[in-house]
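Down below is the structure, laid out as structure tokens.
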Amino acid sequence: MNHKGTKKLETERLVLREFKLSDALNMYNNWASNPNVTKFLIWEPYKSVEDVEEYIKTVINEYEKLDKYDWVIVEKSSGQAIGNISVVKINEPTSCMKIGYCLGEKFWHNGIMTEAFMRVIKFLFEEVGCNRIEATHDVSNPNSGKVMEKCGLKYEGTLRQSSVNNQGVYDCVVRSILKSEY
């Protein structure tokens, strides 16, 4: 793969870019403090804007690495940071990248995450040279699976009681798309 880092990407409604410290208040208010957003994630809701700022500082410090992909999702119409999408795991020998994402609750069911994820898929296949993109979700979170399906990821299987999130141990659905299917 030819790693490019967290390059600015755009869609009709969104800008995907590197985090800035000034995103902390939007991140806290729009998604990071909401237990409904973090319900199926592995991190608890943030308790303060200052805690979010510390997280963003760690992300910013990683941006110098070309194999770091962590975008904040900004809504063009409002200029607000409303979610994030990132490569959470890279397997170099198989050119596989695993994606994770979250979006503020008031932005759900509007095709926003599908739009962002499709743009990331295009970037990773066409510019980075990735061969496989995968994502997983809790079987109890079918809406995340619908995003993956709309982006062309195919169901591969359900790993029974294989993962842990804020709900406890769960059955993990695995979906993927190959470059040849893109």
Open item on the list: Between Glu10, Glu18, which is out of contact with any Phe, Trp or Tyr (no Cβ under 8 Å at 6 or more places or on another chain), on the phi < 0 side of the Ramachandran plot and surrounded by 12 or more Cβ atoms within 10 Å (Cβ to Cβ)?
Closed with: Glu10
Task: Failed item, numbered, when Asn110 is tested on (1) open to solvent by 40 Å² or more (accessible area, probe 1.4 Å); (2) closer than 29 Å to Gln167 by Cα; (3) not in a loop (DSSP other than H, G, I, E, B) - done: (3)
Task: Criterion: closer than 24 Å to Thr11 by Cβ and either surrounded by 21 or more Cβ atoms within 10 Å (Cβ to Cβ) or free of Cβ contacts under 8 Å to residues at least 12 places away in the same chain (or both) - qualifying residue of Glu115, Glu126 - done: Glu126
TODO: Considering each of Lys68, Lys122 in turn, give the residue that is basic (Lys, Arg), assigned to a loop (DSSP other than H, G, I, E, B) and either under 18 Å from Leu16 (Cβ atoms) or at pLDDT 95 or above (or both).
DONE: Lys68
- [ ] For the stretch 43-61, enumerate the residues that are part of a helix (DSSP H, G or I) and either of a type in the set (A, V, I, L, M, F, W, C) or open to solvent by less than 60 Å² (accessible area, probe 1.4 Å) (or both).
- [x] Val49, Val52, Ile56, Val59, Ile60
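A quick yes/no check of all residues on (1) within 17 Å of the chain's Cα centre (by Cα); (2) assigned to a helix (DSSP H, G or I):
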{"residue": "Leu16", "(1), (2)": "yes, no"}
{"residue": "Ser22", "(1), (2)": "no, yes"}
{"residue": "Asn26", "(1), (2)": "yes, yes"}
{"residue": "Asn29", "(1), (2)": "no, yes"}
Open item on the list: For the list (1) open to solvent by less than 40 Å² (accessible area, probe 1.4 Å); (2) free of Cβ contacts under 8 Å to residues at least 24 places away in the same chain; (3) closer than 21 Å to Pro35 by Cβ, I need the number of the one condition that Gly157 fails.
Closed with: (3)
- [ ] Any chance you could count how many residues in the stretch 71-89 are assigned to a strand (DSSP E or B) and surrounded by 17 or more Cβ atoms within 10 Å (Cβ to Cβ)?
- [x] 12
Open item on the list: Please count how many residues of the stretch 164-182 are surrounded by fewer than 16 Cβ atoms within 10 Å (Cβ to Cβ) and either assigned to a loop (DSSP other than H, G, I, E, B) or touching an Asp or Glu at 6+ places or on another chain (Cβ under 8 Å) (or both).
Closed with: 4
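The values are calculated or read from the model by the stated rules, or taken from the named source; none is laboratory data. Not measured: the values here are computed from a predicted model. Quick reminder, even Gly has a Cβ in these numbers, built from the backbone with ideal geometry, and neighbours come from all protein chains shown. Note: areas computed on protein heavy atoms with side chains; ligands, DNA, RNA excluded. Shrake-Rupley method; radii C 1.70, N 1.55, O 1.52, S 1.80 Å.
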